[in-house]
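Everything on this sheet refers to the single structure shown next.
Every number here is computed from the coordinates shown, using simple stated rules; none is lab data. Since this is a predicted model, take the numbers as computed values, not measurements. Ideal geometry is used to build each Cβ from the backbone, glycine not excepted, and the neighbour counts take in all protein chains shown.
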Amino acid sequence: MAPATEICFLPLKEGTNPEDTTGAVGQKFKEFFNTILAQDGCQRLYWGRQVEHPSICTLFIDWESVGHHEKFIASATYKPFTEELGTYLTGPPRLYHVHFDPHPPAVALVDDGPIATEFITVYFPPDYSAEDEKTFREVNMKNLLAAVAENAKGFKDSASGWVVEELDLPDGSGKAKVFVALAGWESVQAHLNFRETQSFKDNIHWLRGAKDLKTLAVFHVPAQEAHKS
């Protein structure tokens, strides 16, 4: 089975600060992360708050396969784990799985210095064909990311792939086939600066002009790795 990355969005209650490892909440989230990392098939975990929506904490959890994550969900550990985690959230977590290339997608999440990850979610009709999927990934995204790598100051690396599950469109009007791309930058400002360049203007059509594109969304996450302790 192919390795996969679980993407999990946690809507944090006000005042919940997982970053403060000296406080009770930070210690509790460290326990949550340890529980995940202890599961069979869990490879690594990265996490961070969204810059544009600080109350949303995004987890990137690498698994040997989707089946290994499903095994955790079916275990006796999972229900009490999610119930306790839920006391720190305003609603249920939202999650799905991505087959990133490369796996793991760490090249777009962490580096030997500060990094901000641009998280691009691209929505297509649920009946998007295998041929169209291949074209978008191997032509559209390949050309766009090649232009970024060649011309963008502060760009680090990228990882991308199709989501395993069908997801809801952001407006709730139906289902969608979804592609996720992660682009690592030295800072959010480095990405914003590139958006003002001629290279961006000359190449963004590879994304915005993709066949049958429904919509897309972009946010940034400064991620850090959670280490088992």
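Backbone phi angles across segment 41-52, fed through the Karplus curve with coefficients 6.51, -1.76 and 1.60 (θ = phi - 60°), yield HN-Hα couplings of x, 7, 9, 6, 9, 10, 7, x, 7, 6, 4, 6 Hz in residue order; Gly and Pro are listed as x.
For the chain, the dipole from Cβ point charges (+1 on Lys and Arg, -1 on Asp and Glu) about the Cα centre works out to 200 debye, to the nearest 20. The ellipsoid that matches the Cα gyration tensor of segment 102-188 has semi-axes, each √(5λ) in whole angstrom, of 26, 15, 11, with the longest given first.
Between Glu14 and Glu165, what FRET efficiency comes out of the Förster formula 1/(1 + (r/R0)^6) with R0 = 30 Å and r the beta carbon distance, rounded to 0.05?
0.50
Simple rule: put +1 on each Lys or Arg Cβ and -1 on each Asp or Glu Cβ in segment 107-220, find the dipole, and look at Ala183, Trp206, Leu145; the Cα lying farthest toward the positive end is Trp206.
Placing a pseudo-label 7 Å from each Cα along the Cα-to-Cβ vector at Ser129 and Thr77 gives an inter-label distance of 4.5 nm. Where the centroid of each part is defined by its Cα atoms, how far is segment 132-156 from segment 23-49 in Å? Measuring centre to centre over Cα atoms gives 32 Å.
Electrostatic tally near Phe194: other residues with Cβ closer than 13 Å to its Cβ, Lys and Arg +1, Asp and Glu -1, net -1.
Calculate the FRET efficiency for Ala2 and Asp212 from the Cβ-Cβ distance with a Förster distance of 25 Å, rounded to the nearest 0.05. Efficiency at R0 = 25 Å is approximately 0.45.
Relative contact order, whole percent, for the chain stands at 28, derived from Cα pairs under 8 Å and 6 or more residues apart.
Remark: spin-label model distance Gln43-Leu192 equals 3.4 nm, labels positioned 7 Å along the Cα→Cβ axis. Label zone of Leu95 (point 7 Å out along Cα→Cβ, amide N under 11 Å): in segment 1-39 this covers 6-10, 36-37. Residues in segment 155-161 carry Karplus couplings, in order, of 7, 9, 6, 9, 8, 7, x Hz; the curve used is 6.51 cos²θ - 1.76 cosθ + 1.60 with θ = phi - 60°, and Gly or Pro positions show x. If you take the alpha carbon atoms of segment 32-137 and fit the smallest convex hull around them, that volume is 152 Å³ per residue. Would you mind classifying segment 125-175 by shape? Square roots of the alpha carbon gyration tensor eigenvalues, ordered a ≥ b ≥ c; an a/c under 1.5 is rounded, otherwise it is prolate if a/b is larger than b/c and oblate if not. Prolate. The orientation-averaged projected area of the convex hull spanned by the Cα atoms of the chain comes to 13.0 nm². Evaluated with a Cβ-only charge set (Lys, Arg +1; Asp, Glu -1), segment 4-101 carries a dipole of roughly 180 debye about its Cα centre, given to the nearest 20. From the residues Ala2, Asn17, Val51, which one has its Cα farthest along the dipole of segment 1-68 in the positive direction, the dipole being from +1 and -1 charges on Cβ of Lys/Arg and Asp/Glu about the Cα centre? Of the listed residues, the answer is Asn17. Taking the Cα centre of segment 92-144 as reference, the dipole from Cβ charges on Lys and Arg (+1) and Asp and Glu (-1) amounts to some 120 debye.
I want the local charge near Ser129. Using Cβ-Cβ distances under 11 Å, sum +1 for each Lys or Arg and -1 for each Asp or Glu among the other residues.
-2
Where in segment 178-208 does the label zone of Val139 land, with the point 7 angstrom along Cα→C-beta and an amide N cut-off under 15 Å? The answer is 205-208.
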